[in-house]
Amino acid sequence: MRDNQGFYMPFCATQSLGARSEQEDSYGICYDNICSQTEYPKCFILADGMGGHVGGAIASQTAIDAVKLSLSELEQIDGNALKDSLSVANESIAQCLEINPDLEGMGTTLVAASTQDDRLIWVSVGDSPLFGVDENFNVVRLNEDHSMRPVLDSLVAAGSLGRDSEEYAKKSNQLRSAVLGEEIDLYEVNERGVSLRDWQYFVIASDGLETLTQEEIGECFKIHRSKGAESIAIALVDAVDAKRNPKQDNTTLIVLEAK
């Protein structure tokens, strides 16, 4: 991706409505301080809203704006700063609900990832994935999944539940945690993170991307790697749209080149 002055930037963000009439995902990029080592902005943020068309869009954008404001003047972003930004986002949601009670039930997932030295660190709540793509184009989820899927998967592994069961299908996408303006009991702050040297790319996404298998995601990276982050991001969204899922959720993603 190139900015307005024509400089190459090793990242790209893009969105698709899918089969929805409104976009409830939001993303933000903190351009205030570019990291000299990676040429990355200090932080990338993604939020997948819920609570109806209006509520979901308001919740996700409110969270993005709050995190950006919280981090905007910091020269160094660490785990504590990311945790504080999550608290600011949650309080902002609470204030919105206090002003407009009609939005009761709105909330959002949140992933905020920052490059520090040679590492990527993050805070996340909900089920929006942060993937790493290695040199063999294997796609690995790096952050925790706060949906019911990991719980149900453990029951499947124990033989207590069938993966093809109605209960699995019905409950797997239910969230165990989200930014709702209330106390957040389940969240992840990974201040150690992962080394940029161990990965070729990272992808922060809303769960609309999970219409593709991880193998299909990796294949998009493999085919379009020579053209950079922008071509990869567009190819991923095009691949989701090509599935023509009649219930396709919004898809938002940010692709980062790690090397």
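For the residues Trp199, Trp122, a 1.4 Å probe over the protein chains yields an accessible-area ranking, largest first, of Trp199, Trp122. Based on C-alpha pairs under 8 angstrom that are at least 6 apart in sequence, the chain has a relative contact order of 25 percent. Across the protein chains, with a 1.4 Å probe defining accessible surface, the residues Asp102, Asp145 rank Asp102, Asp145 from largest area downward.
Once all protein chains are placed together, Tyr27 keeps about 80 Å² accessible to a 1.4 angstrom probe. On the principal axes of its alpha-carbon atoms, the stretch 117-259 has extents of 44, 37, 32 Å, going from largest to smallest. Pairs of C-alpha atoms in the chain farther apart than 30 Å represent 25 percent of all such pairs. Within a straight-line Cα-Cα reach of under 16 Å, Lys222 can be paired with the following lysines, leaving aside sequence neighbours fewer than 8 residues apart in one chain: Lys259. Among the helices of the chain (complete DSSP H runs), which have Cα atoms covering no less than 18 Å along the helix axis and a Kyte-Doolittle mean of at least 0.0? Span-like helices in the chain: 52-71, 79-99, 229-242. Each other residue within a Cβ distance under 13 Å of Lys243 adds +1 if Lys or Arg and -1 if Asp or Glu, for a net charge of -3. Ordered by solvent-accessible area of protein heavy atoms (1.4 Å probe), largest first, the residues His53, His146, His224 come out as His53, His224, His146. For Thr213, what charge total do you get from the other residues with a beta carbon under 12 Å from its beta carbon, if Lys and Arg give +1 and Asp and Glu give -1? Computed value for this residue: -3.
Under a 10 Å cutoff between Cα atoms, tell me which one of Gly181, Gly55, Gly105 has the largest fluctuation in the Gaussian network model of the chain. Maximum fluctuation in the GNM of the chain, among the listed residues, is at Gly105. Averaged per residue, the stretch 143-259 has 53 square angstrom of accessible surface, using a 1.4 angstrom probe with ligands and nucleic acids left out. Placing +1 on each Lys and Arg Cβ and -1 on each Asp and Glu Cβ, with no other charges, gives the chain a dipole about its Cα centre of roughly 720 debye. Solvent-accessible area of the chain (1.4 angstrom probe, protein heavy atoms only): carbon and sulfur portion equals 45 percent. Spin-label model, Asp118 to Lys243: label points 7 Å out along the Cα-to-beta-carbon direction sit 3.6 nm apart.
List, in the order given, every pair from Lys42/Lys83; Lys83/Lys171; Lys83/Lys227; Lys171/Lys247 whose Cα-Cα distance in the structure shown is over 23 Å. Where the Cα-Cα span goes over 23 Å, the pairs concerned are Lys83/Lys171; Lys83/Lys227.
The values are calculated or read from the model by the stated rules, or taken from the named source; none is laboratory data. As the structure is a computational prediction, the values presented were derived from the model and not from experiment. Every residue, glycine among them, receives a Cβ derived from its backbone with ideal geometry; neighbour counts consider all protein chains shown. Calculation scope for accessible area: heavy atoms of the full protein, side chains included, ligands and nucleic acids excluded. Shrake-Rupley method; radii C 1.70, N 1.55, O 1.52, S 1.80 Å.
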